1. In region 17-66, what GluC sites (Glu not before Pro) fall in a loop by DSSP, with at most 14 other Cβ atoms inside 10 Å?
2. What label, among [x] 10.1; [y] 11.4; [z] 18.8, belongs to mean projected area of the Cα convex hull in nm² computed from the structure on display?
3. Give me the net charge for the shell around residue 61: Cβ to Cβ below 13 angstrom, other residues only, Lys and Arg +1, Asp and Glu -1.
4. Mean-square fluctuation check for the chain, GNM, Cα pairs under 10 Å: which of 16, 123, 67 is largest?
5. Using a simple charge model, +1 on the beta-carbon of Lys and Arg, -1 on the beta-carbon of Asp and Glu, nothing else, what dipole does the chain show about its Cα centre, in debye to the nearest 20?
6. Gaussian network model of the chain, Cα springs within a sub-10 Å range: biggest mean-square fluctuation belongs to which of 154, 76, 23?
7. Count the lysine pairs in the chain whose Cα atoms sit under 25 Å apart, keeping only pairs 8 or more residues apart in sequence or on different chains.
8. Of 58, 117, 103, which is the most mobile in a GNM of the chain whose springs link Cα atoms less than 10 angstrom apart?
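Since every read-out is calculated from the coordinates, none of them should be taken as a lab result. The structure presented is a predicted model; accordingly, all values stated were derived computationally and were not measured. For neighbour counting, all protein chains shown are included, and Cβ atoms are generated from backbone atoms with ideal geometry for every residue, glycine included.
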Amino acid sequence: MSKTCIADPCCCLASLVCPLPVACVNRHRALEGNMDEYKCCQGYYPLCGFRAGEVGESTCPSMCLCLEATCCFTCAVSATRNYLMDKYRIHPDPMDYQIIRCSNAMQCLACICSLASICVKDLREGARILRHVAHITFCTVQGCMQTQSAVEIAFQEKKGVQAPTVNTIQDRS
């Protein structure tokens, strides 16, 4: 993920400027255009007690994908990445986890500082700045993550090899 901006700078820029459409296009391409295979978050993140594949995705998968990208953006992007890793049996680079953890830590720190600033007024400006830094970090990481998925999809399409069927975590249980 650390070198994806260099691999496809146009996709990275598109992911930063228009992240929702890129998330939808990436999932559509990951499914090789077969929206019959679409499930909410591809079954990786059961939401609010709903099981993927049982919430009506089959009736209008494209609309459900757009709703998923809009309402559960982070899960949508992560699900596409996880789906591709499972589909092509790819192991993530250890640096990927460090980048994701750094972004998550920034979000947690921003949340803690925002809560502390409720009681300590002197922290408000610092908390505001930290929220912006955390948001920029998140946007950068999701851009790299979406670009990583797009680059992998393009690589697999170029190879032209049919991948085996993927069983998601939810399908295995």
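1. On the way: sites: 32, 37, 54, 57; in loops: 32, 54, 57.
For GluC sites (Glu not before Pro) across region 17-66 that sit outside H, G, I, E and B with at most 14 neighbouring Cβ atoms in 10 Å, the list reads 32, 54.
2. Matching the structure shown: [y].
3. On the way: positive: 27, 39; negative: 36, 37, 57, 68.
Net charge in that neighbourhood comes out at -2.
4. 123
5. Values: 16 positive and 15 negative charges, 78 e Å.
Rounded to the nearest 20 debye, it is 380 debye.
6. 154
7. 6
8. 117
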